[in-house]
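The values are calculated or read from the model by the stated rules, or taken from the named source; none is laboratory data. For clarity, every value in this text was computed on a predicted model and none was experimentally measured. Please note: Cβ atoms are built from the backbone with ideal geometry, for glycine as well, and neighbour counts cover all protein chains shown.
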Amino acid sequence: MNTDIFTDYESNVRRYGLSFPTVFTKALGATVWDEAGKPFIDFLVGSGALNYGHNNPTIMAPAIEYLAGENILLSLDMYTAAKRDFIEAFVDFILKPRGLSYKIQFPGPTGTNANEAALALARKYTGRSSVMAFTNAYHGMSLGSLAVSGSASTRELGGVARHDVIRVPYDGYANQAFDSASYIDCVLGDPGSGIEKPAAIILETIQAEGGMNTASAAWLIEIQRICRKHDVVLIVDDIQAGSGRTGDFFSFEFAKIEPDIVCLSKSLSGSGNPFSIVLIRPDMDIWKPGEHSGTFRGNNLAFVTAGAMCKMWSERQFTADVERTAAKLQRHLDHLVAKFPKCIEQKRGRGLMTGLKCRSQAIVGRVHDVAFENGLLLESSGPNRDVIKVLPPITITDDELDHGIAILSQALQEQDND
Ligand code: PLP
């Protein structure tokens with residue numbers, strides 16, 4: 001496989017290309033093929049941006065029709081028919097059935113664009129500057145998002161000071177007995193704590209990049225109660241955990257909370273097309289026209305595919321299939337945990353947002369390499385990169401899932417024998 005052009009010309013910053021040294025050409029569902037025609041099961045899915053699989057026909061058919069029809073592709077934040085259809089689908093198939101009411105902001109297309117907009121709005125709304133963020137959080141690569149992220153190497157990027165962030169322990173961070181919600185409640189209520197009242201608390205319900213750390217419903221409910229008590233905006237960064245990944249459309253549905261602001265991106269377009277939105281509690285929508293802007297806020301092809309994705313959530317068969325696949329995946333992982341105690345410490349995550357915390361980074365590295373050799377794409381996460389992320393498409397077929405898990409099992413077996 002000729003990869004010389006990448007070595008010669010692409011920046012050293014590339015990572016996935018180095019860990020999967022082949023050249024990919026085609027993709028359908030949970031399978032991608034390289035130039036030599038070798039198939040790989042995809043448990044990486046664009047780091048959570050392809051929850052509905054590659055080229056999902058239900059999502060791509062309207063996109064192909066749209067592209068063939070000389071329809072508008074980029075529209076800034078002008079009104080277009082595609083945008084109108086998306087808003088209708090999002091309200092009718094996602095918000096209303098869940099009893100949720102939000103205004104929708106269209107920021108730039110990436111996840112970090114959504115987080116920057118959410119943080120800016122919370123600061124504007126409250127008139128406060130600091131934000132509370134959690135250990136092991138990951139929110140993106142622009143300065144505001146870097147500042148609220150946990151990892152030292154991430155925060156140090158850019159070489160400029162990033163103030164105004166109060167770091168607090170995530171659910172279960174120090175140990176299961178430490179009640180981080182009570183701690184936050186205490187410091188916010190104590191004028192002697194030395195911690196000023198923040199504009200917002202920003203959190204992920206499952207910290208994917210941070211190691212698949214999973215917040216409990218009780219903790220999320222408590223954080224919402226604390227935010228309301230102290231008049232602090234609750235922002236849920238649902239960029240990786242949302243758009244169906246946990247088996248529900250929003251990752252916080254299981255806790256029955258209603259965040260003030262929700263950020264969505266990654267799988268929101270259903271197709272891998274860049275697209276993000278910020279959901280805003282209606283009374284908090286105090287933006288002035290044009291106050292927050294960006295060129296690529298009108299990706300109409302993404303509106304079309306996202307609308308098709310939203311409609312899928314109105315189909316009983318689809319939601320039943322996702323639920324069944326999530327249960328099957330959890331059973332598979334329980335089996336791996338029981339079979340390979342020398343390699344695996346614990347299963348993490350919820351629904352189809354799962355990970356295997358391994359006993360060392362070296363094990364994860366070797367499992368990754370053997371799996372790739374045998375036709376499975378995997379990614380690692382966590383501050384010590386000792387967690388295998390298992391993110392199959394939520395629409396994966398039983399055969400593809402079983403096949404991917406069999407390759408993973410074989411790779412773990414080889415480490416277990418060592
Ligand atoms: N927030 C979370 C929870 C993420 O997982 C990511 C990306 O992995 C981001 C934000 C940043 O998204 P993007 O890379 O599209 O800027």
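Which one of the conditions (1) within 16 Å of the ligand (Cβ to nearest atom); (2) at pLDDT 95 or above; (3) not charged (D, E, K, R) does residue 143 fail to meet, given that it meets all the rest?
(2)
Going by the conditions given, is residue 82 over 24 Å from residue 385 (Cβ atoms) and within 16 Å of the ligand (Cβ to nearest atom)? Reasoning before the result, please.
Values: over 24 Å from residue 385 (Cβ atoms): yes; within 16 Å of the ligand (Cβ to nearest atom): no.
The answer is no for residue 82.
State all residues of the range 148-174 that are exposed (fewer than 15 other Cβ atoms within 10 Å of the Cβ) and at positive phi; if no residue qualifies, say none.
So the first thing to find is which residues in the range 148-174 are exposed (fewer than 15 other Cβ atoms within 10 Å of the Cβ), and the list is 152-153, 156-161, 163, 167, 174.
Across the range 148-174, the qualifying residues are 158, 159.
Among (1) crowded, with 18+ Cβ neighbours inside 10 Å; (2) more than 16 Å from the ligand (Cβ to nearest atom); (3) not assigned by TED's automatic domain parsing to the domain that holds residue 300, which single condition is residue 28 missing?
(1)
Report every pair of residues separated by at least 6 positions or lying on different chains whose Cβ atoms are under 9 Å apart, first residue within the range 1-30 and touching a residue at least 40 places away in the same chain (Cβ under 8 Å) and assigned to a strand (DSSP E or B), second surrounded by 11 or more Cβ atoms within 10 Å (Cβ to Cβ) and of a type in the set (S, T, N, Q).
From residues that are touching a residue at least 40 places away in the same chain (Cβ under 8 Å) and assigned to a strand (DSSP E or B), the pairs are 29/55; 29/56; 29/395; 29/397.
Run down 114, 122 and say which single residue is within 16 Å of the ligand (Cβ to nearest atom), farther than 14 Å from residue 268 by Cα and touching a residue at least 60 places away in the same chain (Cβ under 8 Å).
On the way: 114 fails: farther than 14 Å from residue 268 by Cα.
Exactly one of 114, 122 is within 16 Å of the ligand (Cβ to nearest atom), farther than 14 Å from residue 268 by Cα and touching a residue at least 60 places away in the same chain (Cβ under 8 Å), namely 122.
For the range 50-80, enumerate the residues that are part of a loop (DSSP other than H, G, I, E, B), surrounded by 22 or more Cβ atoms within 10 Å (Cβ to Cβ) and among the hydrophobic types (A, V, I, L, M, F, W, C).
Keep residues of the range 50-80 that are part of a loop (DSSP other than H, G, I, E, B), which gives 50-53, 55-56, 69-73, 75-80.
Now drop any that are not surrounded by 22 or more Cβ atoms within 10 Å (Cβ to Cβ), which leaves 50-53, 56.
Answer for the range 50-80, where residues must be part of a loop (DSSP other than H, G, I, E, B), surrounded by 22 or more Cβ atoms within 10 Å (Cβ to Cβ) and among the hydrophobic types (A, V, I, L, M, F, W, C): just 50.
Residues in the range 185-208: is at least one farther than 22 Å from residue 128 by Cβ and either away from the ligand (no atom under 16 Å from the Cβ) or basic (Lys, Arg) (or both)? Spell out how you get there, then give the answer.
Filtering the range 185-208 for residues farther than 22 Å from residue 128 by Cβ gives 205-208.
Within this subset, residues satisfying the condition of being either away from the ligand (no atom under 16 Å from the Cβ) or basic (Lys, Arg) (or both) are none.
No: the range 185-208 contains no residue that is farther than 22 Å from residue 128 by Cβ and either away from the ligand (no atom under 16 Å from the Cβ) or basic (Lys, Arg) (or both).
Say whether the condition of being among the hydroxyl-bearing types (Ser, Thr, Tyr), surrounded by 15 or more Cβ atoms within 10 Å (Cβ to Cβ), modelled with pLDDT of 90 or more and under 14 Å from residue 119 (Cα atoms) is met by at least one residue in the range 191-207. If you could, list the steps in order and put the result at the bottom.
Within the range 191-207, the first condition is being among the hydroxyl-bearing types (Ser, Thr, Tyr), and the residues that meet it are 193, 205.
Within this subset, residues satisfying the condition of being surrounded by 15 or more Cβ atoms within 10 Å (Cβ to Cβ) are 205.
In the following step, the residues that additionally are modelled with pLDDT of 90 or more were identified as 205.
Add one more test, that the residue is under 14 Å from residue 119 (Cα atoms), and what stays is none.
No, because not a single residue in the range 191-207 is among the hydroxyl-bearing types (Ser, Thr, Tyr), surrounded by 15 or more Cβ atoms within 10 Å (Cβ to Cβ), modelled with pLDDT of 90 or more and under 14 Å from residue 119 (Cα atoms).
Residues of the range 131-140 being more than 10 Å from the ligand (Cβ to nearest atom) and either hydroxyl-bearing (Ser, Thr, Tyr) or in contact with a helix residue (DSSP H, G or I) (Cβ under 9 Å, 6 or more places away or on another chain) (or both), which ones? So that I can check it myself, show each step before the final result.
To start, the set of residues in the range 131-140 that are more than 10 Å from the ligand (Cβ to nearest atom) comprises 131-136.
Matches in the range 131-140: 131, 132, 133, 134, 135.
Condition first: buried (at least 24 other Cβ atoms within 10 Å of the Cβ) and among the acidic types (Asp, Glu). Now tell me which residues in the range 355-394 satisfy that.
379
Quick check on the range 297-314. Is at least one of its residues charged (D, E, K, R) and within 16 Å of the ligand (Cβ to nearest atom)?
Residues of the range 297-314 that are charged (D, E, K, R), as a first pass: 297, 311.
Keeping just the survivors that are within 16 Å of the ligand (Cβ to nearest atom) gives 297.
Yes, the conditions are met somewhere in the range 297-314.
Restricting attention to strands (runs of 3 or more DSSP E) lying wholly within the range 299-418, give those where 2 or more residues are out of contact with any strand residue (DSSP E or B) (no Cβ under 6 Å at 6 or more places or on another chain), in the same structural domain as residue 21 (by TED's automatic domain parsing) and among the β-branched types (Val, Ile, Thr). Can you show your working first?
Details: elements: 344-350, 353-358, 379-381, 387-390.
In the range 299-418, there are no strands (runs of 3 or more DSSP E) which contain 2 or more residues that are out of contact with any strand residue (DSSP E or B) (no Cβ under 6 Å at 6 or more places or on another chain), in the same structural domain as residue 21 (by TED's automatic domain parsing) and among the β-branched types (Val, Ile, Thr).
How many residues does the range 224-266 contain that are free of Cβ contacts under 8 Å to residues at least 60 places away in the same chain, β-branched (Val, Ile, Thr) and within 16 Å of the ligand (Cβ to nearest atom)?
1
It is to be established whether one or more residues within the range 35-46 are free of Cβ contacts under 8 Å to residues at least 40 places away in the same chain, assigned by TED's automatic domain parsing to the domain that holds residue 249 and farther than 23 Å from residue 112 by Cβ. Break it down into steps so the answer makes sense when it comes.
To start, the set of residues in the range 35-46 that are free of Cβ contacts under 8 Å to residues at least 40 places away in the same chain comprises 35-37.
From the residues that got through so far, the ones that are assigned by TED's automatic domain parsing to the domain that holds residue 249 too are none.
Checking the range 35-46: not a single residue is free of Cβ contacts under 8 Å to residues at least 40 places away in the same chain, assigned by TED's automatic domain parsing to the domain that holds residue 249 and farther than 23 Å from residue 112 by Cβ.
Identify all residues within the range 256-294 that are part of a helix (DSSP H, G or I) and either under 16 Å from the mean Cα position of the chain (by Cα) or surrounded by 24 or more Cβ atoms within 10 Å (Cβ to Cβ) (or both); write none if there are none. Outline the logic, then answer.
First, the residues of the range 256-294 that are part of a helix (DSSP H, G or I): 266-269, 282-284.
Those that are part of a helix (DSSP H, G or I) and either under 16 Å from the mean Cα position of the chain (by Cα) or surrounded by 24 or more Cβ atoms within 10 Å (Cβ to Cβ) (or both): 266, 267, 268, 269.
So which residues in the range 100-111 are away from the ligand (no atom under 12 Å from the Cβ) and either out of contact with any Lys or Arg (no Cβ under 7 Å at 6 or more places or on another chain) or over 20 Å from residue 268 (Cβ atoms) (or both)? Please lay out each step first, then the result.
Going through the range 100-111, the residues away from the ligand (no atom under 12 Å from the Cβ) turn out to be 100-106.
Answer for the range 100-111, where residues must be away from the ligand (no atom under 12 Å from the Cβ) and either out of contact with any Lys or Arg (no Cβ under 7 Å at 6 or more places or on another chain) or over 20 Å from residue 268 (Cβ atoms) (or both): 100, 101, 103, 104, 105.
Considering only the range 108-131, state which residues are assigned to a loop (DSSP other than H, G, I, E, B) and more than 17 Å from the chain's Cα centre (by Cα).
Of the range 108-131, the ones assigned to a loop (DSSP other than H, G, I, E, B) are 108-110, 127-130.
Within the range 108-131, 127, 128, 129, 130 meet the criteria.
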